[in-house]
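Notes to accompany the following structure.
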Amino acid sequence: MPYDYESDAANVKDDLNCVHIGSDIVFLPEIDSTNNLAKEHARNNAQEGLVIIAESQTGGRGRMGRFWHSPPETGIYLSILLKPNLKPDQLSLITLLAGVSAISTINELSHQRANLKWPNDILIANKKVCGLLCEMTQKQGNSLSVVIGIGINVNQTPEQFPENLKKTATSLRIVNGSPINRLTVIRSLLTTLDREYHFFLTEGGSSVIKKWSLNTDLFGKKVSVKRGAIITIGTAMHLDESGRLVLRRDNGHDEAIESGEIIRYE
């Protein structure tokens, strides 16, 4: 079912009992990227908690400029504007926070348990069901704003994925064998993110790292992490206090990786 843009925005906002998120909720039929619009609003001094939700995206983005497949009436494509008092090098903690929130909602609704893949993917049976993209924006002299972009494959059927994604992507409908009301997913996601964001602001990043670590099967596995032309191979041990992935190299030394793409995950 397509969104009813005005009434759904009002209903979702009225149903939320949030402290930080939902100051305004905007539903749009189509946009290039919800993150782009959220960043534009941030530059125009929009209030923290703004949520932008699109029925479809023509230029949805994942990490490293990858295209995020965003067809209408199937997935959730939304962005949230936050204004935490953070340093730029703490952005990775917001990415982890978004992952913890999204996987909580997905596991609440999925018949199969999902797992977090560092730094920003959520997998079910080793297929991607959700992707995250966190970006910072700053007006001159002003504090940083963070935009959290979240894409969740909700009601796609196998034939609706492009050929290049059929082997690597899944949806909650595929996993459960039946469709899910997308507004139910949105309400749960925003409520959970608000709660986890409040914990983060009051307790710091250690609670986020602990919760993220409880929702991954990454640790103890041999992985390769690609950063541009550099490939680092080691055993994934844990996340450090900044959210970096600590790899134990074959020589026994530990190396903290700030960002990259896991290209081998055994």
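Rule-based calculations on the coordinates, nothing more; no lab input. Please read all numbers here as calculations on a predicted model, not as lab measurements. Don't worry about glycine lacking a Cβ; one is built from the backbone with ideal geometry, like all the others, and counts go over all protein chains shown.
Straightening the chain between N17 and M1 buys 3.2 nm, computed as 0.36 nm per residue apart minus the Cα-Cα spacing. The local environment of R182, defined by Cβ-Cβ distances under 15 Å, has a net charge of -4 under the rule Lys, Arg +1 and Asp, Glu -1. What FRET efficiency do you get for N44 and Q90 if R0 is 22 Å and r is their Cβ-Cβ distance, rounded to the nearest 0.05? It comes to 0.35. With neighbours defined as other Cβ atoms within 10 Å of a residue's Cβ, the residues L189, L93, L218 order from fewest to most as L218, L93, L189.
Quick one: net charge of S56's neighbours, Cβ under 10 Å, K/R +1, D/E -1? Result for the local shell: -3.
Since only L201, T184, L165 are under comparison, the one whose Cα sits farthest along the positive direction of the charge dipole of the range 5-213, derived from C-beta charges on Lys, Arg, Asp and Glu, is L165. Dipole magnitude for the range 5-213: about 780 debye, using +1 per Lys or Arg Cβ and -1 per Asp or Glu Cβ, origin at the Cα centre.
Fewest neighbouring Cβ atoms within 10 Å first, the residues Y3, Y77 line up as Y3, Y77.
If you average the sequence gap of Cα pairs under 8 Å that are 6 or more apart and divide by the length of the chain, what percent do you get for the contact order? Computed value for the chain: 17 percent relative contact order.
Restricting the trypsin sites (Lys or Arg not before Pro) of the range 163-266 to loop positions (DSSP other than H, G, I, E, B) with no more than 15 neighbouring Cβ atoms within 10 Å leaves K166, K167, K221, R249.
Contact order for the range 140-266, expressed relative to its length and based on alpha carbon pairs under 8 Å spaced 6+ residues apart, stands at 15 percent.
Summing Lys and Arg as +1 and Asp and Glu as -1 over all other residues whose Cβ lies under 15 Å from the Cβ of S242 gives a net charge of -3. Compare E30, E159, E48 in a GNM of the chain, Cα atoms joined below 10 Å, and give the one with the largest fluctuation. Among E30, E159, E48, the largest GNM mean-square fluctuation belongs to E159.
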